[in-house]
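Here is the structure we will look at.
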Amino acid sequence: MAMAMGMQVGVGLAPPALVQGVAAQRGESVSSLHFAGSSICGRLQAAPVAVVSVRAERASSVQVSCGGAAVVDGSAVTAARPWKTSDCRLVLEDGSVWRGKSFGATGTQVGEVVFNTSLTGYQEILTDPSYAGQFVLMTQPHIGNTGINLDDEESGQCFTGALIIRSLSNMVSNWRSSETLPEYLAKRNVMGISDIDTRAITRRLREDGSLIGVLTTDKSKTDDELIEMSKNWKIVGKDLITDSSCKEPYEWKDKTGGEWEFSTTIPNGDAEKFHVVAYDFGIKQNILRRLTSYGCKITVVPSTHPSSEVLKLNPDGVLFSNGPGDPSAVPYAVKSVQDLVGKIPVFGICMGHQLLGQALGGTTFKMKFGHHGGNHPVRHLPTGRVEISAQNHNYAVDPATLPEGVEVTHVNLNDGTCAGLTFPAMKAMSIQYHPEASPGPHDSDQVFFDFVEMMKKNRTKA
Ligand SMILES: NC(=O)CC[C@H](N)C(=O)O
């Protein structure tokens, strides 16, 4: 349904009312009418002034938008102007220039452009610290329709460098929404560009690999200057985790909220508690919520926290979190993993998995365009079970470089890359993707249970 096109009338569930919307745009057409949970889609003839009158059984509110000039209960409200022409450029290091419309913040930003195939969850993506230094292009063409709510943030800020989309929704419709995507991005100083050919850019990224891009609303800069700027910026070799990590240790206590809990293997309230120290390399909060739901008491520590201090806490296990950028650029983090592995059960997620791979003597490499989305099939080799997983990474561990005793547990079925490891002798396990989802499917939640089982087994032995 083309919600952003033409004139739309939406009627919510409510007592009887006569709903009247007036739209005055020559050439606009009514594309859909919704009321009492059903919708009538049709095309009314364009007229200089269109008057829509709906007698709804249970309606009290109406939103009428005419190509972006919104009228609510007859009074005009501000909305994006569809007639705004392009005022923003995305310039890629391959020399291509893409013109579109800006939303959110204005200015000039540089970052690595990656495409994400998730259908929903733009807010979790924007606040995932693993995206620091990157521009996220959403392949789902229609973005912004569920607005923004404060519960779905994965960290305290937006880390994504910029958001690249095909079509920005003119209307927000979600019971939890408290503001629109453009308002939110403007406040968080994140640039967005819409109305560009995201399919063409995605094909280019798939063929040529991830590209550095510059996004600007600054008219004074020439295309050539921007191309030069993109060519001179590098993401490889940069430590991006130091700025994404917390600065001081803290305790985490929140579980997944009761109404959202989906697992059937969650222990009851009397279950044994396990103390986990979580290294924050840019941690997503849903990892902490899932571990807490599984009965863990968590101390989160900064990326530079000395491993000797972690050992003094005598935890049951250590988590190495996800995080942005190149794992080879943070040797100090690899060293912390090395110090701890073999001494206590450890679990690495995404960046944590790559750091574990390096700590065990393996190497990591940069993939052509990485994995970013909520639809990546992964096979769990010991059982043959296939999980649809949420992924977000540009680097991978080369399993051929790992020492004897390390087993590959999970494989990405799209390209055969290593998606999970275990080293039973060292009480170590890791996953290249995001078992906490947010956004994405919950198929891989089992690994949190497996980590708890590993800690339980180790406690019994001790
Ligand atoms: N999600 C993550 O932890 C990302 C890991 C790493 N920064 C990569 O891009 O591969």
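Please go through region 90-102 and pick out each residue that is over 15 Å from MET138 (Cα atoms) and not polar (S, T, N, Q).
Residues satisfying the conditions are VAL91, LEU92, GLU93, ASP94, GLY95, VAL97, TRP98, ARG99, LYS101.
Give me a count of the residues in region 192-201 that are β-branched (Val, Ile, Thr) and assigned to a strand (DSSP E or B).
Of all residues in region 192-201, those β-branched (Val, Ile, Thr) come to 193, 196, 198, 201.
Next, only the ones that are assigned to a strand (DSSP E or B) stay: 193.
So the count comes out to 1.
Using the structure shown, decide if ALA425 is open to solvent by less than 40 Å² (accessible area, probe 1.4 Å) and out of contact with any Leu (no Cβ under 6 Å at 6 or more places or on another chain). I'd like the intermediate steps shown before the answer.
Details: open to solvent by less than 40 Å² (accessible area, probe 1.4 Å): no; out of contact with any Leu (no Cβ under 6 Å at 6 or more places or on another chain): yes.
Against the criterion (open to solvent by less than 40 Å² (accessible area, probe 1.4 Å) and out of contact with any Leu (no Cβ under 6 Å at 6 or more places or on another chain)), ALA425 does not qualify.
Exactly one of these conditions fails for VAL378: (1) farther than 24 Å from GLY416 by Cβ; (2) within 16 Å of the ligand (Cβ to nearest atom); (3) surrounded by 15 or more Cβ atoms within 10 Å (Cβ to Cβ). Give me its number.
(1)
In region 395-416, which residue that is open to solvent by 10 Å² or more (accessible area, probe 1.4 Å) and under 22 Å from TYR131 (Cβ atoms) is nearest to the ligand (Cβ to nearest atom)?
TYR395
Results for (1) open to solvent by 20 Å² or more (accessible area, probe 1.4 Å); (2) in the same structural domain as PRO441 (by TED's automatic domain parsing); (3) free of Cβ contacts under 8 Å to residues at least 24 places away in the same chain; (4) within 30 Å of SER245 (Cβ to Cβ), shown as yes or no for each residue.
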site: VAL110; (1), (2), (3), (4): yes, no, no, yes
site: GLY121; (1), (2), (3), (4): no, no, no, yes
site: LEU168; (1), (2), (3), (4): yes, no, no, no
site: SER173; (1), (2), (3), (4): yes, no, no, no
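If you go through region 202-238 one residue at a time, how many are in a loop (DSSP other than H, G, I, E, B), out of contact with any Ser or Thr (no Cβ under 9 Å at 6 or more places or on another chain) and either among the aliphatic types (A, V, I, L, M) or open to solvent by 60 Å² or more (accessible area, probe 1.4 Å) (or both)?
The qualifying residues number 5.
Can you name the residue in region 292-329 that is within 16 Å of the ligand (Cβ to nearest atom) and assigned to a helix (DSSP H, G or I) and, of all such residues, is farthest from LEU360 (Cα to Cα)?
Within region 292-329, the match that is farthest from LEU360 (Cα to Cα) is ALA329.
Being β-branched (Val, Ile, Thr), at pLDDT 95 or above and over 28 Å from MET229 (Cβ atoms) narrows it down to one of ILE148, ILE125, ILE143, so name that one. Spell out how you get there, then give the answer.
Values: ILE125 fails: over 28 Å from MET229 (Cβ atoms); ILE143 fails: over 28 Å from MET229 (Cβ atoms).
Going through ILE148, ILE125, ILE143 in turn, just one is β-branched (Val, Ile, Thr), at pLDDT 95 or above and over 28 Å from MET229 (Cβ atoms): ILE148.
Restricting region 146-166 to residues that are within 16 Å of ASP195 (Cβ to Cβ) and in a loop (DSSP other than H, G, I, E, B), which is least open to solvent (accessible area, probe 1.4 Å)?
ILE165
The values are calculated or read from the model by the stated rules, or taken from the named source; none is laboratory data. The model shown is predicted, which means the values in this text are computed figures rather than measured ones. No Cβ is skipped: glycine too gets one built from the backbone with ideal geometry, and neighbour counts run over all protein chains shown. Each accessible area value is taken on the protein alone, full model and side chains, heavy atoms only, with ligands, DNA and RNA left out. Shrake-Rupley method; radii C 1.70, N 1.55, O 1.52, S 1.80 Å.
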